[in-house]
1. Would you confirm whether any residue within segment A:65-78 is among the small types (Gly, Ala, Ser), within 27 Å of A:Arg222 (Cα to Cα) and more than 14 Å from every other protein chain (Cβ to nearest Cβ)?
2. Exactly one of (1) in contact (Cβ under 8 Å) with a residue 40 or more places away in the chain; (2) assigned to a loop (DSSP other than H, G, I, E, B); (3) not charged (D, E, K, R) is unmet by B:Leu175. Its number?
3. Which ones in segment A:126-160 are in contact (Cβ under 8 Å) with a residue 40 or more places away in the chain and of a type in the set (Val, Ile, Thr)?
4. Evaluate segment B:253-260: report whether one residue or more is assigned to a helix (DSSP H, G or I), without any contact (Cβ under 8 Å) to a residue 60 or more places away in the chain and either within 14 Å of chain A (Cβ to nearest Cβ) or in contact with a helix residue (DSSP H, G or I) (Cβ under 7 Å, 6 or more places away or on another chain) (or both).
5. Among the residues of segment A:95-125, which ones are crowded, with 22+ Cβ neighbours inside 10 Å, outside any loop (DSSP other than H, G, I, E, B) and in contact (Cβ under 8 Å) with a residue 40 or more places away in the chain?
6. Within the set of pairs 6 or more residues apart or between chains, which connect a residue that is under 9 Å from B:Pro286 (Cβ atoms) and open to solvent by 40 Å² or more (accessible area, probe 1.4 Å) inside segment B:50-78 to a residue that is among the polar types (S, T, N, Q) and assigned to a loop (DSSP other than H, G, I, E, B) with Cβ atoms less than 9 Å apart?
7. What residue, of A:Leu156, A:Leu192, is among the aliphatic types (A, V, I, L, M) and more than 22 Å from A:Leu220 (Cβ to Cβ)?
8. Search segment B:150-162 for residues that are closer than 10 Å to B:Gly191 by Cβ and pair each with any residue that is assigned to a helix (DSSP H, G or I) and open to solvent by 90 Å² or more (accessible area, probe 1.4 Å) when their beta-carbon atoms are under 9 Å apart and the residues are at least 6 apart or on different chains.
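The values are calculated or read from the model by the stated rules, or taken from the named source; none is laboratory data. These numbers come from a predicted model, not from an experiment. Glycine gets a Cβ as well: all are built from the backbone with ideal geometry, and neighbour counts include every protein chain shown. With ligands, DNA and RNA removed, areas are computed over all heavy atoms of the protein, side chains included. Shrake-Rupley method; radii C 1.70, N 1.55, O 1.52, S 1.80 Å.
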Amino acid sequence: MSGRLPGSLNAFIAEPVPATITGNRAQHLPMSAPVAAAPNGSIRGAIALEGISRVFGGGVIAVDQINLTIQPGEFFTLLGPSGCGKTTLLRMIAGFETPDAGRILISGREMQNVPAHLRAVNTVFQSYALFPHLSVAENIEFGLRMRRIARPERKLRVDRIMALLQIDAFARRNPAQLSGGQRQRVALARALVNEPDVVLLDEPLSALDAKLRAELQVELMRMQKRLGMTFVFVTHDQHEALVMSDRIAVMERGRLLQVGPVLDVYEQPRSVFVAEFLGQSNIWKFATHAGNVAQTPIGNLVVGAPIGTQRTAMIRPEKIWLYPEAEAPGDRPNLFPGTVREAIYQGASTHYHVELADGAMILALDTNNQAAERSWGPGEKLVLELKPGNIMLIDG
Amino acid sequence: MDELSDAAGVPMSAITNAPQSGTAERAERLARAWRLWITAGPGLFWIVLFLVLPSMILLAIGFFSIGNYGNPHLPLTLTPIREVAGYSILGWSPANITTILRSLLQAVSAAGLTILLAYPVVFFIIAQPPALRPLLLLFVILPSWTNQVVRTYAWMELLGPGSALSHLAQTLGLLPPHLGLMPGLLAMQIGLTYNYLPYMVVPLYAAAEKLDWSLVEAGRDLYASGARLFWSAVFPQTLPGLLSGIILVAIPAFGDYVVPTLLGGGKSMMIGALIAAQFLQTPNWPYGAALTIFMLIFTCAGLLVFRVMSKRLGSSEGSML
């Protein structure tokens, strides 16, 4: 297996940082040591969840037998609506919750019964949870001090991480004197400075305004790539998940519905829930089909692949082609004339709610990449093309 | 000339307008003053009548000579002030300084003991379901609703020469036979700690109840556990409550009269009892007044120190760690 990833913090910081962890903690905190293959042949930063369950009082199953493997250096996102169990799962990796069943392996070591303070994992909390009585620098230094790392090295590492995150200007300030975005950076620095195997992020951007949020999404992503640490990111914001992640896991009611690279999960959702949660979609169930023609409520729909056991057809709004009535290509399948009922202009694109001849509604999205005259107002007629290759088939 | 007067015409009209706006402003100012007096007046009247005036009278009495019945009498003199400092016709005596130091020590150690007792109590209550907490807190406060004299008398029974506790101390050889745990410094300390415990528990509880537990998780996440977790993530959050508790306990304990009188006995005079004696036993009003003023100044100085401390706490850069 590969050793430390080239972009790690040590590589970024020119001089090597000596390992100064003493006592038996070193067994659980192999952080400063150059990474070696962990006992089970697994490597640093890898997470394996094996049959993890957590049941809360009253019999509420928060997490239901989850199996999941996260690769070292991966930006992995747990995506799901509130109450789906994603935060509980994250808290079990952090050590704030103990699973009722299953094993948690971090860097190849079994960790489900190891208390939080002995795990080589650091969390960026949703509320930031910065110590209000400590300055920015002292907050960042906290973890190093608790691990009894010598003062000169502490200072060195704190200064470096502050420079990296561009927060050195307010090192002496108190968290109360910082803006939301600055606090978020301090919280991130406080986790990263420890060079943990895994960084856990619990909706860290949810309290920020849209613009700052977009900036920090990109910055967080770049930071992660640069340091090569494993990031496990929890969010309910599908857009955020799409922007930042290498892979995502969509969760619902304590279960993983689909795990995979962002593109796969978005383009090939395996369930109606995933299709609807991740982006917008038009979904039709059908009972009968002939070859690759599904008999859906809006009519016969030619799909790109032979139909197996699937009984649901789905198409994303942006994959629908729109034509003025006169320009519609007459010789192709899946052409649906309709009337615009609502046009929602969104700057870069416009959403059209189109009513078909039989009264069914379709959501279509048109990028506003052409002159303004190629747009439709309510009541105007157009033709939609649902290209067979753009239609996905979903089980159930 | 015409041009000049023309040029002056615009500001002239502005000037003629000025007195009108002036009267409006004056009326506004009057109304504001009226509102101020109406709202703040009663409170101010109260403070003047019951705080400022008596304090002034007290201050004045401190500069009088003693009459035949211990009452204040002319001419004005500095004798009572000198007496507070320990000077009398017999020369300087350390008795007053000893009394003040003893009172201070008793107050400080009472505050310390209530802190040690209050933390476990408060965190026990916090650990209970929210519905149960007010009831448990009530149990802590309940005794303070009975008269302090009654409660202190109960301790006299418990600690007196014939009591089981005194017998136990005697059998263990901690106490000579036929003596009680009361009167004495220990009894006084027990009495003070017991009496003022609720005043430590309540502000600490208030601080602990709104504890930000995510900071505790952050501490655990950052490798803190046990005592270090408490000191770094829990204790700083309870500091405002702790400071209020110390003020609420130490200041009244410093001047307490009932406990030293009932449990302290003659050998362990406290400043509260000393002042009371100047009015009740061997009357000497000017001396009593001078002692009271000294105590007031001393207390205010203590409060000031705490105020500075808690202010620094508010904008600290981690001095607590």
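1. Yes, the conditions are met somewhere in segment A:65-78.
2. (1)
3. Within segment A:126-160, A:Val136, A:Ile140, A:Ile149 qualify.
4. Among the residues of segment B:253-260, not one is assigned to a helix (DSSP H, G or I), without any contact (Cβ under 8 Å) to a residue 60 or more places away in the chain and either within 14 Å of chain A (Cβ to nearest Cβ) or in contact with a helix residue (DSSP H, G or I) (Cβ under 7 Å, 6 or more places away or on another chain) (or both), which makes the answer no.
5. Once the filter is applied, which keeps residues that are crowded, with 22+ Cβ neighbours inside 10 Å, outside any loop (DSSP other than H, G, I, E, B) and in contact (Cβ under 8 Å) with a residue 40 or more places away in the chain, segment A:95-125 yields A:Ile104, A:Ile106, A:Val121, A:Asn122, A:Thr123, A:Val124.
6. So the pair list comes out as B:Phe63/B:Thr77; B:Phe64/B:Asn71; B:Phe64/B:Thr77; B:Ile66/B:Asn284.
7. That would be A:Leu156, the only listed residue that is among the aliphatic types (A, V, I, L, M) and more than 22 Å from A:Leu220 (Cβ to Cβ).
8. From residues that are closer than 10 Å to B:Gly191 by Cβ, the pairs are B:Leu159/B:Leu186.
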